[in-house]
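Taking it in order: structure first as structure tokens, then the write-up.
Please treat every number below as a calculation from the coordinates, not as lab data. Because the structure is a prediction, the values reported are computed rather than measured. Heads up, the Cβs are rebuilt from the backbone with ideal geometry, glycines too, and the neighbour counts pull from every protein chain shown.
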Ligand SMILES: Nc1ncnc2c1ncn2[C@@H]1O[C@H](COP(=O)(O)OP(=O)(O)O)[C@@H](O)[C@H]1O
Ligand SMILES: [Mg+2]
């Protein structure tokens, strides 16, 4: 499902102009990471995708729907949004019911709900915890419950707001796996993140926001090459990217494989 | 964002710079004058000549009028109506209006107006205080003067809790609507939405209490030693003089009750 943002402005009632003219297109099935300093407007932008916020000016289309013409509860069928803090949504007495809440709201058939819940629990490695009370789980596992509760809604677009913040390495790997599987299923995944390694390793496209505007938007390698521009919104490229640049590698790299390939070639050609 | 959690409006003004205790004494002076002071029009005068000019001095007049209008007018209006309609008819009072079996008397209206204006003074003086005083500033000033830390904590926590709960509640509503919860449909739907909305609020608060206790104790909250403060809160001679003045007003207000002329 294609997302089209056209000249979007948003001013909060308190008078803060959080978005100042954003235009972008996200194609169906794209994996996009959104970076930028605190207050750049990332959360404000994605809250427009499921109608939690309405444009002050400009428009947002999700497929053939204009978000101004549809309620949040309708848009929930197209855009799943995982909030930053799982504690702001968990309320049931066990993990299974929590994960089933979304699809039930969307009015799916009981068989489909059961299938989606089982699948979401398996994907987030929660199957053995489905009878547990979410509040008896550690905060990292509560995060996975929040992820599962959105994945089970089977929406074409999934948004994660800072999924890796405060998570341990094992859980970050689990989240990366979720993103990979969603990509294979053809879902659009939009992730807000301050974790630049997570961003570089899992996303093909990066959008950098600064002060309510798009600073950079393009293939991950191209965006990460712009270290000076990125510094203006307090984003540091990954260590390997910076090391590659210091070594004078002819291409921008962002993970080990790319680094090693470029480095071998570099050594080979230097002789 | 964090300033949204209290009523406090960060702004440069002479009222903001007044010592918090002075402002607190002033608020109590207003309230006691309104309730015990002489004269039918005194509470109204306090609003027009005291609280409203002060809101301009503090450069928070817009916020003051907005908050007072939203919070107070409905309550005070309702009170005025009920009191004037249901005031006991003592017999010798002039009847203004007859509503069904009830007589609206001049005396009833006067009594209702007085009650309503007193309440207005009380709440709106507090609004002005909250708009121009940062809770943590009040807390550190009071603890510096020897107030027990626990007591100061209870007060500031109470001042902050409602706006904090509101901010949390609106995030929860957003999170559940994003999961397809329909919050503005039929009555049945609304009742069904109650648990998903209140559940996280209650559980979340319980989790928070524990985290808070740990965070406070990590800063040696219960230590008996004298503590220093990072923030210096000004307390000028003028502040002290103003406090004595307001205390005098309070005494005079009580005095006028004890010796009616
Ligand atoms: N509910 C709100 N009311 C007023 N201002 C807000 C609100 N939410 C965010 N803002 C402001 O809008 C700007 C963008 O915030 P946000 O979208 O949360 O940034 P990010 O997610 O990139 O950190 C910031 O200046 C922030 O203070
Ligand atoms: Mg954010």
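Could you calculate the FRET efficiency of residue B:56 with residue A:14 from 1/(1 + (r/R0)^6), where r is the beta carbon distance between them and R0 is 22 Å, rounded to 0.05?
Numbers: r = 21 Å, r/R0 = 0.96.
So the FRET efficiency works out to roughly 0.55.
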**OP:** Name the most mobile residue of B:250, B:214, B:161, meaning the one with the largest mean-square fluctuation, in a Gaussian network model of chain B with Cα contacts below 10 Å.
**Re:** B:214
**OP:** Using only C-alpha atoms and all pairs of different ones, pull out the Kirkwood radius for the range B:111-261 in Å with one decimal.
**Re:** 20.2
Original post:
So for the pair residue B:256, residue B:49, with labels modelled 7 Å out along Cα→Cβ, what separation do we get in nm?
Top reply: 1.0
Original post:
Based on the Cβ-Cβ distance from residue B:187 to residue A:177, what FRET efficiency comes out when R0 is 45 Å, to the nearest 0.05?
Top reply: 0.55
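Set the Förster distance to 56 Å, then compute FRET efficiency between residue A:54 and residue B:40 from the Cβ-Cβ distance, nearest 0.05. Display every interim value, and only then the final one.
Values: r = 49 Å, r/R0 = 0.88.
Rounded to the nearest 0.05, the efficiency is 0.70.
What is the projected area of the convex hull of the Cα atoms of the range A:143-271, averaged over all directions, in nm²? Before the final figure, lay out the partial values.
Details: hull surface 36.0 nm².
Answer in nm², one decimal: 9.0.
Roughly how large, in nm² to one decimal, is the mean projection of the convex hull of the alpha-carbon atoms in chain A?
Numbers: hull surface 61.1 nm².
Computed as one quarter of the Cα hull surface, the answer is 15.3 nm².
How many percent of DSSP beta bridges within the protein assembly as shown run antiparallel, rounded to 5? Let's see the in-between values first.
Numbers: 24 of 41 bridges.
Expressed as a percentage, antiparallel bridges in the protein assembly as shown total about 60.
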Original post:
Most mobile of B:199, B:50, B:77 per a Gaussian network model of chain B (Cα springs, under 10 Å)?
Top reply: B:199
Original post:
According to a simple spin-label model (label point 7 Å from Cα along Cα-to-Cβ), what is the distance in nm between residue A:229 and residue B:154?
Top reply: 5.8
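Expected output is a single nm value to one decimal: the length gained when fully extending between residue B:94 and residue B:212, i.e. 0.36 nm times separation in residues minus the C-alpha distance. What is it?
Details: separation 118, 0.36 × 118 = 42.48 nm, distance 5.92 nm.
So the extension gain works out to 36.6 nm.
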Subject >> the range A:192-271 versus the range B:222-261: alpha-carbon centroid distance in Å >> reply: 61
**OP:** Express the Stokes-Einstein translational diffusion coefficient of the range A:86-154 in µm² s⁻¹, to the nearest whole number, given a Kirkwood radius over alpha-carbon pairs, 4 °C and a viscosity of 1.567 mPa s.
**Re:** 113
Subject >> Compactness of the range A:8-59 - radius of gyration and Dmax, Cα, Å >> reply: 11.4, 36
Original post:
What is the mean projected area of the alpha carbon convex hull for chain B, to one decimal in square nanometres?
Top reply: 20.4
Original post:
What does the helix-only formula give at 222 nm for the protein assembly as shown: each DSSP H stretch with n ≥ 4 adding -39500 (n - 2.57), the total divided by the residues, and the result rounded to the nearest 500 deg cm²/dmol?
Top reply: -16500 deg cm²/dmol
Subject >> In nm, spacing of pseudo-spin labels at residue A:264 and residue B:137 (7 Å Cα→C-beta vector) >> reply: 6.5
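Only Cα pairs under 8 Å and at least 6 apart count here; give the relative contact order of chain A as a rounded whole percent.
Numbers: 501 pairs, mean separation 58.9, N = 271.
Worked out over chain A, it gives 22 percent.
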Original post:
If you take all C-alpha pairs in the protein assembly as shown, what percent of them are over 43 Å apart?
Top reply: 38
